Structure formats: structure tokens, C-alpha cells
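Take a look at the structure below.
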Amino acid sequence: MNKFISIIVFVAIILLTTTGVQALTITSYDIINARDNGFGAWSHDYTGSITPVAPDLSNYIGGSGTLNDSVIPHSHNDNQLFSSEDNSVVTLHLSQVTTISIIDIFGGNLKGNFIPGTLTGATVTISGNSVALSSTNWGGPCLSGACNDRLSLNGTILDGLMTDTIVLSDFQGGWSDSSYTYYNIGEITVNAIPEPETYAMLLAGLGLFAFQLRRKNALSSQC
């Protein structure tokens, strides 16, 4: 019986640990004030409408593309270059309403480039509530440090808010030359904290498994 209980506890720990966060699907995104494809010899894709608002500057509405194609770029291709001077605003539309834990901004595996991973923060807005967050640099090495940036909502006023829309704005940091301050985004991923119902279903499943296993053992002992 002790061995049986140990197995159940072990399985519960493993499952609860691996379900600590859930990766969410970004179904589409909009960008206000973003540089056009080809800016700085960087290329990106977008399926929605692209409306010019100034030379080399457009609004991207109602589509998907480079930022949510599940591809981490290894070059300037499929990798969108931004200029801090444009005050770009990125709106992410998620596949479900949930609470957000972490937002990862991937610069891509561009080991010979200074731009990836140079963000120092951004403002995150959920349901009209905004917080300026500092980012954590992580991932493989690029010339300015690790290639990716992470925004954590844990412990902020956004922690626990239900949403299916995230707005990213006021991007901080970047790499500067004589003309612009640049940053790039090759992919964005969003992780959520599972709802209590998820844990309830998990524990109910474990309970049912334990009951069936115990019943089987009891029947076997009677034979």
C-alpha cells in the first residue's frame, strides 16, 4: 500500500509541475506604427491589411505573420525590425480568455548581430490596466548579450486579470546607431497560469485512477 501511495504522489507532483504554465496560441496581432518589410534589409510577413501612414511606416491590422508563426529566426529573414522612435504598439489576440504569466520576446538566433536581446522593458496593458515592466535577458548569445527578452507579470496589478488581448507599447532599450534606435521581434510567446478548474480536473483524474487501481488490487487478493 505504501508503494501504491508513493506512486500516486509521484505522478501528482510531476503533473502539477509540468502544468505550472500553459503556452497560449496567438491567433492574430495588430501593430500601429511599424516599419515596412525590407527596412534595414530585414524582412517579415503579415497576412492582414497593411496601411501606410508615413514613408516606410505602416499600420498592420487583422492578421498573422512573423510574430506568431512559431518560428525562431536565424537571420534577418522572418524577423521584424523596429525603431524606438516610431512608438510602435503591438496588440496580441489570444485563443482563449485566461490569466497571463509570462511574455517572451524572441530576437532570434543571430549570434553575429548587436540588435537582438537589447530591450530593457515595455509597457503591458490588460483590460485598461497598464504596467511598465523591466525585461529579463535570456537565451542563446548574441553580440549584445542573450538574444531574447522576458516580461513577467507575476506580482503586478496585471497578475490574475482575465483577458484574451494583450497590448505591448513603450518599448525601452534597443541598439543605437547614428540614425535610429533599433530592436527586433522574431517571435512572441505568451504563457498562462492554468485556471483552478484545470487542477481540479487533474486531481479528480488522479483520484479516479487511484480508486480503480485499489479496486483492482482488492479483487486480485480475493482470487
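Structure values in brief
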quantity: Dmax and Rg, reported as Rg then Dmax, of the range 22-199 (C-alpha, Å); calculated: 15.4, 53
quantity: Per residue, the convex hull volume that the Cα atoms of the range 37-126 enclose (Å³); calculated: 125 Å³
quantity: Sequence ranges 100-110, 144-154, ranked by mean other-Cβ count within 10 angstrom, highest first; calculated: 100-110, 144-154
quantity: Sites S130 and T25, calculated FRET efficiency, Cβ-Cβ separation with R0 25 Å, nearest 0.05; calculated: 0.55
quantity: Phi to ³J(HN,Hα) by Karplus 6.51 cos²θ - 1.76 cosθ + 1.60 over the range 76-91, Hz, x for Gly, Pro; calculated: 6, 7, 6, 8, 8, 9, 10, 10, 4, 5, 7, 6, 5, 10, 10, 10
quantity: E187 long-range amide H proximity, modeled H, under 5 Å; calculated: F106
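Throughout, read-outs are computed from the coordinates displayed, never taken from laboratory work. Remember, predicted model here, so these are calculated numbers, not experimental data. Cβ sites come from the backbone with ideal geometry, for glycine too, and all protein chains shown count toward neighbours.
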